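Engineer: First the structure, which I've put down as structure tokens, then a few questions once you've had a look.
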2 protein chains.
Amino acid sequence: MEKKEEKLKKSFIEKIARFCKEKGFVFPCCEIYGGFSGFYDYGPLGAELKKNIKDLWWEEFVRKRDDIVGIDACTINPFVLWKASGHVDSFTDPLVECRKCKKRFRADSLIEDSLGIAVDGITIEQVNEIIAKHSLRCPSCKGELTSARTFNLMFKTYVGAVEDQSSLAFLRPETAQLIFTNFKFVQKAARLKLPFGIAQIGRAYRNEISPRDFLFRMREFEQMEIEYFVHPDKLNQCPYLTKELLDFEMNIYSAEMQEKGEEHRKMSLREALEKGIISTAWHGYWLALVYKWFIELGVNPEKLRARQHLKEELSHYALETWDIEYRFPFGWKEIHGMANRTDYDLKQHMKFSGKDLSYFDEETGKKILPYVVAEPSQGVDRAFLVFLIDAYTEEEDRVVLKLHPKLAPYKVAVFPLVKRDKLDEKAKQIHELLKKHFTSFYDEKGSIGRRYARQDEIGTPFCITIDYQTLEDNTVTIRERDTKKQVRVKISELVEIISKLIEGEIKFEEITSELLEGNA
Amino acid sequence: MEKKEEKLKKSFIEKIARFCKEKGFVFPCCEIYGGFSGFYDYGPLGAELKKNIKDLWWEEFVRKRDDIVGIDACTINPFVLWKASGHVDSFTDPLVECRKCKKRFRADSLIEDSLGIAVDGITIEQVNEIIAKHSLRCPSCKGELTSARTFNLMFKTYVGAVEDQSSLAFLRPETAQLIFTNFKFVQKAARLKLPFGIAQIGRAYRNEISPRDFLFRMREFEQMEIEYFVHPDKLNQCPYLTKELLDFEMNIYSAEMQEKGEEHRKMSLREALEKGIISTAWHGYWLALVYKWFIELGVNPEKLRARQHLKEELSHYALETWDIEYRFPFGWKEIHGMANRTDYDLKQHMKFSGKDLSYFDEETGKKILPYVVAEPSQGVDRAFLVFLIDAYTEEEDRVVLKLHPKLAPYKVAVFPLVKRDKLDEKAKQIHELLKKHFTSFYDEKGSIGRRYARQDEIGTPFCITIDYQTLEDNTVTIRERDTKKQVRVKISELVEIISKLIEGEIKFEEITSELLEGNA
């Protein structure tokens, strides 16, 4: 990456981190003890936004679907599981150390940052060749670097009162494997028939050598993943490919386009499937569905693209992978991954456990090993960062967080115009009424303008003001965050109106005209 | 504990664990690899029930309250934090090893199980005296035991590429400390004024020497905690003590009653406060509130009691502690703890961090250190177990899980009477309609009786059956799980009726009469 781009990124990330700390979205973990690199704590607003993201995802991809069920498995697992999955052997980064100042660096990042060479999927030998060829030295003290060695990214611990190989355990680096180890139990208990998915939201841990970029590369994070299992002979038989979905347009950036030095190109899912750019119908279906999920929750479609992994980027278990990337102010970055994991994982666990994990296909009367043709997988924290950054808007006179109402920590804020003449009393009543239905914030401190500004900054989509007219006719004003427009409505209609606004069933402008008619 | 009681407990726990595995509530973690002691994975139904418990708690104690905000902090923390909190030095259990078979045991549990002596808060020296006096030997091979030593229950790991004291970290054994380290940031960002609380739901980890009793004592579990901060001079000024709450009756089991060998006694919160049985108004308020929470979610009030810790039971940070206990088929067990932590934790973190964590009291113009006069704290998994066991009912002809509708994984199930004559088509439409509002399960396999039975077992409160009459007049039957009663309602009213039934706004009997009138 170029110096200028790196600088731009740093200053932007710093601004967002500062904003998050000030408003109570995110705090550096253990800051009173000087911080803890790669760890962040979510504050009051952050905890709500993060919970909303997870709840909306779970609602959409688990509860609303008959073909997907969820699980919630452990984050500490025994050695054997991660040996079977391939992570003990392959989940590593190349590490170099400065002989002088003893600082340690992730060698591939060092090469990328210092030389601007993309080195995804490079071997340790190649890393050492490049370091030698370019006489790369410690970026901190210019000291000489050691040869690179592999460093496993899994945090380890010991379970029980003895510390030895038999008690060695790892903190899971991904949630996926627990879906595979529970595959048969889940399938049987929930009486699932192919095709079906198993979903999970939960923590994962990676001992990154150089955690960086705020929530982007952390050591402790959260994932939302689905393993979607299909019959190996039916990779292209997806019953959910509606016309609407086939017509859905994405910015597609195939491996071929990247190799040819082309830009990404907007095309429909239909075109991408027909031209074989996306290999299987199921993979295309899931890619479009998740891409759409981001858009429906307010993310600017022009800032999204689906990028195929180059061959050398593929993980040890993947046949074909598509990332969804977001164009941050500092460049395109992965926010969602979707690998075709084939039957790699179930096979590995069958081999290491000696247990039969196959599925009995009633149609053919044969045992088969299902394929994970698509694994929609994303970091909750990156989703958080995308929603936040995409919503963050600096206007002439204010900072406003244009979060989708469904994501907003507070759906409404309630203000008495002044804190006297029973306006505050009335306002509190309305706040209590609204709290039965939505998260509501009551504020009576400072000027109305100042109170609006505070809510704009934290993304509250609707502010309700109680004024003298309220006492006369039981009406209040609703003010919309993004447009600053206001409309007066009856208290008796407030819950329904706010509810419809959040769900997107009516637009703010529509209330105006409706009410004007009603008042006329 | 007596042998008979121990046996009863074991067989009951085994039955419940088997039930949970079969139905997809809970699976032993990594069972395909022979299991992983102290770790359990939640299956499809378990993940939903657990999520419902957490969501209802968050809704009640965070979102609906103006005085409490939530956070979501990291589970791995540096050594210094747990040194400051006292856990490095005090969070230990006494460990003995068999010299012959090398098995390790928790010495206090061993003494309790083998000798029936209660040894809470006992010192290592006392443990060794008892073992010597009674010539206690290995329960497994009768070999000689070593002297007891302290064993720290925190899982440790190393963060970063070097493994030494500087990178030593622990998996948090409780969520509470992260509330204290973030105290100032949260208070400032959310502009909180005393009294206020900070809540958190999240994982915690304890390397138990002898994990046991299914979800009851696990090595990885989840907590729901609130640290409630009050002005140290206002420990008895609780503005939320309504008459309703003061009249609320609990089974109270004070330290004095225990010492005198008395039984617990039913009394109102008012009486407990007036007699000084519960020392502070705030402690009483929180105890009643949480006690009520369990009852409102369907737990049998006769099986709950509030038990005060004996002096020797108190944790290193606690001045006064009240547990809420549930009477399991194998005895009373703690399901909720509530310590008065005073200003112990903030003081410790001030001392170790050198940072000012005090609060500026605008009223007096002085800096003060707030008191945590009550810390409502509970394990999600124990709450799960209580709700499940309390709901688990064996009737003559069926097993039925009488979960409160708000807790039930599926709120409704939809069946076509038969899978033909467009009944299945119609049923699917109704299922789709209901899914927009509730978790709904569609089932067309097997007899109606078999389908009802399947839903009874997993706690689905309402089953909707579509029959030939449905095609004629757009009515369906709703069948209530607990009473097996049925009533016919219009499809157009279905969503509203189910919604009101779940919220407890109407009773099932009321639909009948209402509809009969409507039909008359």
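Engineer: Quick check on the range B:122-142. Is at least one of its residues within 30 Å of A:TYR40 (Cβ to Cβ), away from chain A (no Cβ under 14 Å) and either buried (at least 17 other Cβ atoms within 10 Å of the Cβ) or not aliphatic (A, V, I, L, M) (or both)?
Structural biologist: Within the range B:122-142, none of the residues are within 30 Å of A:TYR40 (Cβ to Cβ), away from chain A (no Cβ under 14 Å) and either buried (at least 17 other Cβ atoms within 10 Å of the Cβ) or not aliphatic (A, V, I, L, M) (or both).
Engineer: Let me ask something additional. May I ask you to list pairs of residues, at least six apart or on different chains, whose Cβ atoms are under 7 Å apart, with the first in the range B:360-378 being over 20 Å from B:TRP322 (Cα atoms) and modelled with pLDDT of 95 or more and the second being part of a strand (DSSP E or B) and open to solvent by less than 10 Å² (accessible area, probe 1.4 Å)?
Structural biologist: If the second residue must be part of a strand (DSSP E or B) and open to solvent by less than 10 Å² (accessible area, probe 1.4 Å), the pairs left are B:PRO370/B:PHE229; B:PRO370/B:VAL230.
Engineer: Need the failing condition index for A:PHE12 against (1) touching a helix residue (DSSP H, G or I) at 6+ places or on another chain (Cβ under 8 Å); (2) more than 10 Å from chain B (Cβ to nearest Cβ), just the number.
Structural biologist: Condition (1) is where A:PHE12 drops out.
Engineer: Going residue by residue through the range A:411-430, is there one that turns out to be touching a Leu at 6+ places or on another chain (Cβ under 6 Å) and over 23 Å from A:THR470 (Cβ atoms)?
Structural biologist: No, that holds for no residue.
Engineer: Let me ask something else about it. So, B:ALA413, is that one in a strand (DSSP E or B) and within 14 Å of another protein chain (Cβ to nearest Cβ) or not?
Structural biologist: Yes.
Engineer: Here's something else I'd like to know. Scan the range B:176-193 residue by residue and report those that are at the interface with chain A (Cβ under 8 Å from one of its Cβ atoms) and touching a strand residue (DSSP E or B) at 6+ places or on another chain (Cβ under 6 Å).
Structural biologist: Across the range B:176-193, the qualifying residues are B:ASN182, B:PHE185, B:VAL186, B:ALA190.
Engineer: Let me ask something else about it. Of all residues in the range B:43-58 being more than 14 Å from the chain's Cα centre (by Cα) and touching a residue at least 24 places away in the same chain (Cβ under 8 Å), which is nearest to the other protein chains (Cβ to nearest Cβ)?
Structural biologist: Here the answer is B:PRO44.
Condition check ((1) without any contact (Cβ under 8 Å) to a residue 60 or more places away in the chain; (2) within 21 Å of the chain's Cα centre (by Cα)) across all residues:
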| residue | (1), (2) |
| --- | --- |
| A:ASP247 | yes, no |
| A:MET257 | yes, no |
| A:SER268 | yes, no |
| A:ALA288 | yes, yes |
| A:LYS303 | no, yes |
| A:ALA306 | yes, yes |
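Engineer: Taking the condition without any contact (Cβ under 8 Å) to a residue 24 or more places away in the chain and facing another protein chain (nearest Cβ under 10 Å), does A:GLY35 pass?
Structural biologist: For A:GLY35, the condition - without any contact (Cβ under 8 Å) to a residue 24 or more places away in the chain and facing another protein chain (nearest Cβ under 10 Å) - is met.
Engineer: Listed residues B:SER135, B:SER167; which is within 26 Å of A:LEU171 (Cβ to Cβ) and over 27 Å from the mean Cα position of the chain (by Cα)?
Structural biologist: B:SER167
Engineer: Just name the residue that is most open to solvent (accessible area, probe 1.4 Å) out of those in the range A:64-93 that are facing chain B (nearest Cβ under 7 Å) and among the acidic types (Asp, Glu).
Structural biologist: If we take residues in the range A:64-93 being facing chain B (nearest Cβ under 7 Å) and among the acidic types (Asp, Glu), then A:ASP66 is most open to solvent (accessible area, probe 1.4 Å).
Engineer: Restricting to the range B:94-109, name every residue that is surrounded by fewer than 17 Cβ atoms within 10 Å (Cβ to Cβ) and either away from every other protein chain (no Cβ under 12 Å) or touching a Pro at 6+ places or on another chain (Cβ under 8 Å) (or both).
Structural biologist: The answer is B:ARG99, B:LYS100, B:CYS101.
Engineer: Here is a further query. Which numbered condition trips up A:THR321, out of (1) outside any strand (DSSP E or B); (2) buried (at least 20 other Cβ atoms within 10 Å of the Cβ)?
Structural biologist: (1)
Engineer: Exactly one of (1) facing chain B (nearest Cβ under 8 Å); (2) in contact with a helix residue (DSSP H, G or I) (Cβ under 8 Å, 6 or more places away or on another chain) is unmet by A:PRO173. Its number?
Structural biologist: The single condition A:PRO173 does not satisfy is (1).
Engineer: Then there is this: Would you check which residues across the range B:358-404 are surrounded by fewer than 21 Cβ atoms within 10 Å (Cβ to Cβ) and assigned to a loop (DSSP other than H, G, I, E, B) and list them?
Structural biologist: The answer is B:SER358, B:GLU362, B:GLU363, B:THR364, B:GLY365, B:LEU369, B:GLU395, B:GLU396, B:ASP397, B:ARG398, B:LYS402, B:HIS404.
Engineer: Suppose we filter the range A:82-122 for residues that are of a type outside the set (A, V, I, L, M, F, W, C) and within 28 Å of A:GLN165 (Cβ to Cβ); how many remain?
Structural biologist: So the answer is 12.
Engineer: So, one more: If you check every pair at least six apart or on different chains, which have Cβ atoms under 7 Å apart with a residue in the range A:9-25 that is small (Gly, Ala, Ser) first and a residue that is outside any helix (DSSP H, G or I) second?
Structural biologist: A:ALA17/A:PHE214; A:GLY24/A:GLY43; A:GLY24/B:ALA190
Engineer: Considering each residue of the range A:435-476, count those that are among the hydrophobic types (A, V, I, L, M, F, W, C), more than 11 Å from chain B (Cβ to nearest Cβ) and within 23 Å of A:GLY24 (Cα to Cα), and give that number.
Structural biologist: Selection size over the range A:435-476: 5.
Engineer: While we're here: Contact list please: Cβ distance under 9 Å, first residue in the range A:472-486 and in contact (Cβ under 8 Å) with a residue 60 or more places away in the chain, second residue aromatic (Phe, Trp, Tyr) and open to solvent by less than 70 Å² (accessible area, probe 1.4 Å), pairs at least six apart or on different chains.
Structural biologist: Matching pairs, first to second residue: A:ARG481/A:TYR452; A:ARG481/A:PHE462; A:ASP482/A:PHE508.
Engineer: Quick one: which of B:SER114, B:SER90 is touching a Leu at 6+ places or on another chain (Cβ under 8 Å), at pLDDT below 95, more than 30 Å from A:SER440 (Cβ to Cβ) and among the hydroxyl-bearing types (Ser, Thr, Tyr)?
Structural biologist: Unique residue meeting the criteria: B:SER114.
Engineer: Which of the residues that make up the range B:258-280 are open to solvent by 50 Å² or more (accessible area, probe 1.4 Å) and closer than 17 Å to B:ALA339 by Cα?
Structural biologist: B:SER279
Engineer: Separate question: Collect the residues in the range B:290-301 that are surrounded by 22 or more Cβ atoms within 10 Å (Cβ to Cβ) and either free of Cβ contacts under 8 Å to residues at least 60 places away in the same chain or basic (Lys, Arg) (or both), keeping them in residue-number order.
Structural biologist: Matches in the range B:290-301: B:TYR291 only.
Engineer: Restricting the search to the range A:194-252, which residues are hydroxyl-bearing (Ser, Thr, Tyr), in a loop (DSSP other than H, G, I, E, B) and either more than 11 Å from chain B (Cβ to nearest Cβ) or crowded, with 20+ Cβ neighbours inside 10 Å (or both)?
Structural biologist: A:TYR240, A:THR242
Engineer: With the requirement that a residue be assigned to a strand (DSSP E or B) and at the interface with chain B (Cβ under 7 Å from one of its Cβ atoms), what does the range A:21-32 give you?
Structural biologist: A:PHE27
Engineer: Does B:ARG450 meet the test of being of a type in the set (D, E, K, R), loosely packed, with under 13 Cβ neighbours inside 10 Å and at pLDDT 95 or above?
Structural biologist: yes
Engineer: Here's something else I'd like to know. With respect to B:PHE61, is the statement that it is more than 8 Å from chain A (Cβ to nearest Cβ), part of a helix (DSSP H, G or I), at pLDDT 95 or above and open to solvent by less than 40 Å² (accessible area, probe 1.4 Å) true?
Structural biologist: Yes: the conditions hold for B:PHE61.
Engineer: Within the range A:143-182, can you find the residues that are free of Cβ contacts under 8 Å to residues at least 40 places away in the same chain and open to solvent by 20 Å² or more (accessible area, probe 1.4 Å)?
Structural biologist: Passing the criteria: A:LYS156, A:TYR158, A:ALA161, A:VAL162, A:GLU163, A:ASP164, A:SER166.
The values are calculated or read from the model by the stated rules, or taken from the named source; none is laboratory data. The shown structure was predicted, so the numbers you read here are calculated from the model rather than taken from an experiment. Backbone-built Cβ (ideal geometry, glycine too); neighbour counts: all protein chains shown. SASA here: full protein model, heavy atoms, side chains in, ligands and nucleic acids out. Shrake-Rupley method; radii C 1.70, N 1.55, O 1.52, S 1.80 Å.
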